[in-house]
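Each reported figure results from applying straightforward, stated rules to the coordinates on display, with no laboratory input. Bear in mind the structure is a predicted one, so any value in this text is a computation, not a measurement. Here Cβ is always computed from backbone atoms with ideal geometry, including for glycine, and neighbour counts include all displayed protein chains.
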Amino acid sequence: MTLSRLVLAFAASTLFTGGAFAAELSLVSGSVGKDIEELRGQLDAFEKESGHTVKIVEMPASTTDQFGQYRLWLSAGNADVDVYRTDVIWAPQLAGGLVDLTEAAKDIVGQHFPSMIESQTVDGKLVALPMYTDAPALYYRTDLLEKYGKEPPTTWSELEAIAKEIQDKEREAGNSQMNGFVFQGAPYEGLTCDGLEWVASHGGGQIVSPDGEITINNPKAAAALEKAKGWVGTIAPDGVLAYKEEESRGVWQTGNAVFMRNWPYAYALSNGDDSAVAGKFDVVPLPAGEGGSSAACLGGWNLAVSKYSQNQEAAIDLVKFLSSEKAQKQRAVNQSRLPTIPSLYDDPEIAEKQPIVAEWKEASTTRSRRSSGRPSTRRCPAVARPPTISISSKNVCVA
Ligand code: GLC
């Protein structure tokens, strides 16, 4: 190829904006609710500002399936994906295929909860920047609890009793679709979160102790799991065994559940125009087990740049854009996503539009310090979730 043809070919395959190379980026992401819609809006703004273009590659809803696919892509050195949306617990296992963002993010990491930056730091390498954190809530129907003269439950036994009574009475009154409680019962990462909460809230530990001992085989854990098993087909539909976040929200949002365990994203959606429960619900922390205290699994999502990306510089700019205070505020206002930037918890607009954010400040700060059972640190290179226990002995560690 002559030099002039080479120049022409290069010019034809690229764009220049203000002298900067315009990259075509690809971002892979799972989603619930309006995640993709919100993301697309933010990407449009990024495209305008940077001159780059970004394609979203949507992943299956199950976080377990996403993780498996990402590991395959990274281990195969896939150059088609520039940016991965990653779960808070994946950092240690994906770190080898991700770019170190330490230098690029040195001026912004200080804005975030330190523990959230730590959770994405593996052997001194910052592998992802946070988009939002997650802390579950017990959603309850204010109208139904009021109708039957009940207070929101503080223990699982209270929840069981209230759920059963209201479910049965509503069914007798003609609402045959009513259920007492919906949660995440499908065999995937979501159930692991729910299960950890049941066990921990009964004083049954975190499956694996901080020093790596497998502790799940104890009477309190057994009692917690027996109790949850008893909900299937009584206060929860049989189908709950196939529910992930969105299936639970579907039942709840059509008005067919008294209680739901879910993440804060369901708050904004439950108040949406198309929701049968808009204005008829509130949230409280998850109940405690007998002799235990409320326990909540730490969740949250981050953005990481692939080591195999051909557009690393542009991809890093994108990750910084999506983890910025402005993007986090939009996510909080529109989607009730919990920011990882402490000052946003005192933002009046967020507090007015999505009260759960300010109410969950305590949950986010306290739990982010304590790691709530799913840490990802250097000394503990993996998470305390059951599916990982069988993979390798390194993966049985709780900080
Ligand atoms: C939420 C949490 C995430 C967790 C997932 C389980 O998305 O943020 O950490 O793994 O739910 O389904």
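Observations, loosely collected:
- The C-alpha atoms of the chain define a longest principal axis, and helix 156-172 lies at about 80 degrees to it.
- For the chain, built as a Gaussian network whose Cα springs stay under 10 Å, the top-fluctuating residue of Pro285, Pro136, Pro339: Pro285
- Helix axis angle, 312-323 relative to the chain longest principal axis, alpha carbon, degrees: 30
- √(5λ) per eigenvalue of the Cα gyration tensor, the stretch 241-336, largest first, Å: 33, 18, 14
- Choice from Leu126, Leu318, Leu225 showing the highest fluctuation, given a GNM over the chain with Cα pairs closer than 10 Å: Leu225
- Simple spin-label estimate for Ala276 and Thr53 in nanometres, 7 Å along Cα-Cβ: 4.3
- Counting DSSP beta bridges with both ends in the chain, the antiparallel % (nearest 5): 65
- Result for the chain in a Gaussian network model with C-alpha springs under 10 Å: among Ala76, Ala296, Ala224, the largest mean-square fluctuation is at Ala76.
- With respect to the chain, whose longest principal axis is taken over its alpha-carbon atoms, helix 361-370 is tilted by about 80°.
- Mean residue ellipticity (222 nm) of the chain, computed from DSSP H runs ≥ 4 via -39,500 (n - 2.57), nearest 500: -11500 deg cm²/dmol
- Annotation: the residues Ile207, Ile56, sorted from fewest to most other C-beta atoms within 10 Å of their own C-beta, follow the order Ile56, Ile207.
- Distance-filtered residues of the stretch 273-296 - backbone nitrogen under 19 Å, label point 7 angstrom along Ser157 Cα→Cβ: 286-295
- If the segment from Arg40 to Tyr148 were pulled out straight at 0.36 nm per residue, it would be longer than the present Cα-Cα gap by 34.6 nm.
- Spacing of the two label points (7 Å from each Cα toward its C-beta) at Lys227 and Asp211, in nm: 2.8
- Separation in nanometres of the label points that stand 7 Å from Cα toward Cβ, at Gln177 and Asp238: 2.0
- Förster radius 51 Å - calculated FRET efficiency between Thr254 and Phe21, Cβ distance, rounded to 0.05: 0.55
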